[in-house]
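Let me begin by presenting the structure, written as structure tokens, before commenting on it.
The values are calculated or read from the model by the stated rules, or taken from the named source; none is laboratory data. A quick note: this is a predicted structure, and the numbers were derived from the prediction, not measured. Cβ sites come from the backbone with ideal geometry, for glycine too, and all protein chains shown count toward neighbours. Protein only, heavy atoms only, side chains kept; ligands, DNA and RNA dropped before computing areas. Shrake-Rupley method; radii C 1.70, N 1.55, O 1.52, S 1.80 Å.
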Amino acid sequence: MTTNVTAPSEKSTSEKSSKLTYPVMLEKQENEGYRATVLGWPECQAFGSTREEALTSLRQIVTERLDKVEIVSLEIDRPKPEHPWMKFAGMFKDDPYFDEMQADIAALRRERDEEMEAYYRQMDAEEETK
């Protein structure tokens with residue numbers, strides 16, 4: 001069961017017309033009464049001999065509480081996780097052998113490319129002879 005709880009406000013016309021909606025748990029008690037509890041606010045409970053009486057009492061409790069508080073929305077940016085490889089960025093900036101290593105990698109790549117080019121030329125030649 002959901003009930004609408006309206007909090008009166010004297011700040012502005014738009015705030016006066018706004019309604020807050022809270023989920024309410026309504027329980028039948030063993031003593032033939034009812035207990036109404038605002039979900040998420042366990043301290044906001046009301047009892048009554050009928051459902052309507054319990055809800056009316058709860059509405060009054062919530063309204064009185066809301067008269068004393070201000071409800072605001074708080075927007076929080078999610079933390080952006082660091083890319084897993086970023087911890088390695090710049091780790092060789094002071095390494096005196098880094099440029100030499102880069103040159104060795106480039107030379108190895110050229111060598112492998114030349115080997116693959118020769119292999120493909122050989123495969124093409126064999127294909128033409130068939």
Helix 51-67 versus the longest principal axis of the chain: what is the Cα-based angle in degrees, 0 to 90, to the nearest 10?
70
Chain lengthening between residue 116 and residue 103 when straightened (0.36 nm per residue, less Cα-Cα)
2.7 nm
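Tell me the mean residue ellipticity at 222 nm calculated for the chain from its helices only (DSSP H runs of n ≥ 4, each -39500 (n - 2.57), averaged over every residue, nearest 500). Present the calculation step by step, with values, prior to reporting the outcome.
Working: 3 runs with 54 residues, N = 130.
About -14000 deg cm²/dmol.
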P(r) for the chain: what percent of alpha-carbon pairs falls in each 5 Å bin, starting at zero?
2, 8, 10, 10, 7, 6, 5, 4, 4, 4, 4, 3, 3, 5, 7, 7, 6, 4, 2, 1, 0
Accessible area per residue of the chain at 1.4 Å probe, in Å²?
88
The rounded separation in angstrom of the Cα centers of the range 58-130 and the range 21-38 is 54
What aspartates and glutamates does residue 28 reach when the alpha-carbon gap must be under 13 Å and sequence neighbours fewer than 8 apart in one chain are set aside?
52, 53
Which of 57, 69, 83, positive extreme of dipole for the chain (C-beta unit charges):
57
Gaussian network model of the chain, springs between alpha carbon atoms under 10 Å - residue of 42, 84, 23 with greatest fluctuation
84
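Taking 0.36 nm per residue of sequence separation and subtracting the Cα-Cα distance, how much length would be gained by fully extending the chain between residue 73 and residue 35, in nm to one decimal? All intermediate terms of the calculation are to be shown ahead of the outcome.
Numbers: separation 38, 0.36 × 38 = 13.68 nm, distance 2.98 nm.
Stretched fully, the residue 73-residue 35 segment lengthens by 10.7 nm.
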At a Cα cut-off below 18 Å, give the lysines reachable from residue 19, other chains included and same-chain residues fewer than 8 away excluded.
11, 68
Sequence-separation-based contact order of the chain, relative, with Cα cut under 8 Å and 6+ spacing, percent
14
Stretchable slack from residue 28 to residue 85, in nm (0.36 nm times residue separation minus alpha-carbon distance):
14.7 nm
